[in-house]
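Reading through the structure tokens given below for one structure.
The values are calculated or read from the model by the stated rules, or taken from the named source; none is laboratory data. Since this is a predicted model, take the numbers as computed values, not measurements. Quick reminder, even Gly has a Cβ in these numbers, built from the backbone with ideal geometry, and neighbours come from all protein chains shown.
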Amino acid sequence: MPAFVIHGDKLLVDNALQQYLSDYDATDVLESNVHHLSASRLDFGELLHICGSTPFIDNYRIVIIDGLCALMETGSSNRGPQKKRIKPNDPWATLSSHIPLMPSSTLLFFKDGVLNKNNSLLRILTKVSETQHVPAPSGVDLSRWIKKSAEEKGAAISPGSIKYLSNLLGNDLESLEHELEKLSLYTNGETIQEPDVQEMVSQVQETNIFRAVDAIIQGQTQISLNLIHNLKIHGRSTSYIIGMFTRQLRQLTLVHSLLETGTNQTQIGILLGISSNYAVQKTVEQAIKYSSEDIKWKYEQLLQCDLNIKLGKLSTDRALETLVFNISDPS
């Protein structure tokens, strides 16, 4: 059966998935034949059952698993998340022998973010799957990507605007895509100039705090530092950023508990006091992505950050920077 592992930048991973579906003429498969499975709650037996079932009417059954390799890459210890080796008696160790036996009508996709090349599950899946690594571009390649993305939206963009955006958002392609979409509409076919980007900054700043917090949680060092730097330039204090990070960890902990009791997304939004469906969805998706042990470890890093500040060991700015580096590199 066809199996695929796609890992790297989220936007590029999603684009690659859509390309695979298009190549197999599987973009219009019935909803009942499409399965989006949460890695943190995935049962090995359940996966085999779904993948072994023939599709209803359609030619394909599509199974998409988000974050499984990343989940296998983390465990818990006193030093933080460490790489988890799959042991011989672990059922996931036998996955490579099951995949070839699955029906050819099943399209199995493993979606992940940035992975260690020695990830134990990735090594297993590579033997029986087509693997595609799609990292976010950087440097000159990132500038080219921004220029091309703007052109695809019908807008030219000046070199200064490209530099401004890359300094603002780093290589967070999903955020860049969103902002370029707004800028192309704002400039209405005219070349995007720096003043245009600056005009939109006031609106960007409202969402950048949440992007910064998400980037810190995800261990995206450079994106985190870029966003933090920009937030501080525009008046956000370091204490405020740390406070928002604390708030998000608390929400993730609460959402974990609510999901375990079967609470639906609407009820979760009410309990969290969040009116935006998009914000609720993003919080739920993030809670699913990380294990309780991982969130607990991030809390421990946050506690150390707080102690460093209160005991006068580090300045507030330095303590936040250290927190970012510790979460991104838990060695």
Could you tell me which residue of region 178-226 is modelled with the lowest pLDDT, considering only residues that are hydroxyl-bearing (Ser, Thr, Tyr) and assigned to a helix (DSSP H, G or I)? Ser202
Conditions (1) touching a Gly at 6+ places or on another chain (Cβ under 9 Å); (2) touching a residue at least 60 places away in the same chain (Cβ under 8 Å) -> Thr221 fails only (1)
Which numbered condition in (1) at pLDDT 85 or above; (2) surrounded by 19 or more Cβ atoms within 10 Å (Cβ to Cβ); (3) not in a helix (DSSP H, G or I) is the only one that Ile162 fails? (3)
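Count, please, the residues in region 130-158 that happen to be of a type in the set (Gly, Ala, Ser), surrounded by fewer than 12 Cβ atoms within 10 Å (Cβ to Cβ) and part of a helix (DSSP H, G or I).
Residues in region 130-158 being of a type in the set (Gly, Ala, Ser), surrounded by fewer than 12 Cβ atoms within 10 Å (Cβ to Cβ) and part of a helix (DSSP H, G or I): 1 in total.
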Considering only region 207-215, I want to know if a residue exists there that is loosely packed, with under 15 Cβ neighbours inside 10 Å, outside the structural domain of Thr322 (by TED's automatic domain parsing) and either on the phi > 0 side of the Ramachandran plot or touching a Cys at 6+ places or on another chain (Cβ under 8 Å) (or both). no
Starting from region 122-145, take each residue that is within 16 Å of Leu168 (Cα to Cα) and list its partners that are among the small types (Gly, Ala, Ser) and surrounded by 14 or more Cβ atoms within 10 Å (Cβ to Cβ), counting only C-beta distances under 8 angstrom and pairs at least six apart or across chains. Ala136/Gly8; Leu142/Ala136; Leu142/Ser166; Ser143/Ser166
Among the residues of region 87-104, write down those that are crowded, with 16+ Cβ neighbours inside 10 Å and farther than 18 Å from Glu46 by Cβ. Ser96
Might you let me know whether region 173-188 holds any residue that is touching a helix residue (DSSP H, G or I) at 6+ places or on another chain (Cβ under 8 Å), over 23 Å from Ile6 (Cβ atoms) and surrounded by fewer than 17 Cβ atoms within 10 Å (Cβ to Cβ)? yes
Region 56-86 - residue that is closer than 21 Å to Leu21 by Cα and surrounded by fewer than 14 Cβ atoms within 10 Å (Cβ to Cβ) and, of those, modelled with the highest pLDDT: Asn59
Quick one: in region 22-50, which of the residues that are under 11 Å from Leu108 (Cα atoms) and out of contact with any helix residue (DSSP H, G or I) (no Cβ under 8 Å at 6 or more places or on another chain) is surrounded by the most Cβ atoms within 10 Å (Cβ to Cβ)? Leu47
Taking the criterion of being at pLDDT below 85, part of a helix (DSSP H, G or I) and either surrounded by 17 or more Cβ atoms within 10 Å (Cβ to Cβ) or not assigned by TED's automatic domain parsing to the domain that holds Leu42 (or both), would at least one residue in region 312-324 satisfy it? no
How many residues does region 32-52 contain that are without any contact (Cβ under 8 Å) to a residue 12 or more places away in the chain and under 24 Å from the mean Cα position of the chain (by Cα)? 1
Subset of region 28-55, residues assigned to a loop (DSSP other than H, G, I, E, B) and at pLDDT 90 or above, comes to Asp28, Val29, Leu30, Ser53, Thr54, Pro55
Quick one: in region 227-252, of everything that is outside any loop (DSSP other than H, G, I, E, B) and charged (D, E, K, R), which residue is surrounded by the fewest Cβ atoms within 10 Å (Cβ to Cβ)? Arg247
With respect to the numbered conditions (1) within 21 Å of the chain's Cα centre (by Cα); (2) part of a helix (DSSP H, G or I), which one is the sole condition not fulfilled by Glu300? (1)
For residues in region 253-297 being touching a residue at least 12 places away in the same chain (Cβ under 8 Å) and assigned to a loop (DSSP other than H, G, I, E, B), which is surrounded by the fewest Cβ atoms within 10 Å (Cβ to Cβ)? Ser291
